[in-house]
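Any read-out appearing in this document is the output of simple, stated calculations on the displayed coordinates, not a laboratory observation. Source: prediction; values computed, not measured. Here the Cβ positions follow ideal geometry from the backbone for every residue, glycine too, while neighbour counts run over all protein chains shown.
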């Protein structure tokens, strides 16, 4: 890896990279646990044909843009990316050194070139989609099979980003960075139930029946 001129300290880069990893992981959970269940309800989409798909597209865009920021291989010290993060670690391997972790640290540093190769491969996949649909509207790329991203790929990219940062934390700080999203399971479940979006068709049908029954009761009184 080529040498970089630092415009920002390592801690700043690390914090920004961690924030983007958490952002991508959190939004992915939002897609999985809230927006996929909404998108799979035909009656809900019939009643809200603009709102639900637009929310889905907005959150998807956030995830991909966060990944594009992370998987940018350019040697630009102004940008907090996984590549600049690894440059800092490689050039200053004594960062946060703890003697009992020396073997782990050496193994992590030796593996940096391979990690950079992964970053470049993922960057290539993301750039096509970003140019075709997000940052630009490149009509020459739209509709191309290699410009389309699958959710399995996005999940794997988030996993790779997590792995790079988690590996550093384990080797240099003796910490287990899990990037867990607190309360994600019960909050999303309770939110859908409270808003009656867990089964919109059923709740809508029950509401229609209740209104009809109320109307019939009023007619009987007269």
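Would you mind ranking 187, 54 by Cβ crowding within 10 Å, fewest neighbours first? Show your work: numbers first, answer last.
Numbers: 187 14, 54 11.
So the residues, fewest neighbours to most, are 54, 187.
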Check your understanding: Which of 87, 169 comes first, and how do the rest follow, when ranked by fewest Cβ neighbours within 10 Å?
Key -> 169, 87
Review point. Roughly how many Å is it from the Cα centre of the range 179-215 to that of the range 33-89, as a whole number?
Key: 25 Å
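Just want to confirm a number: the relative contact order over the chain, from Cα pairs under 8 angstrom separated by 6+ residues, in percent. Don't jump to the answer; show the numbers that get you there.
Details: 214 pairs, mean separation 55.8, N = 222.
RCO, the chain: 25 percent.
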Revision key, fill the gap. Computed over the chain: longest principal axis from alpha-carbon atoms vs helix 200-221 long axis, angle to nearest 10 degrees, is 20 degrees
Revision key, fill the gap. Under the helix-only model (-39500 (n - 2.57) for each DSSP H run of 4 or more, divided by the residues of the chain), the mean residue ellipticity at 222 nm, to 500 deg cm²/dmol, is -20000 deg cm²/dmol
Check your understanding: Suppose R0 equals 41 Å; then what is the FRET efficiency for residue 42 and residue 176 from their Cβ-Cβ distance, rounded to the nearest 0.05?
Key -> 0.45
**Study point:** Inter-label distance, nm, simple model (7 Å from Cα along the C-beta direction), residue 207/residue 51
**Key:** 0.9 nm
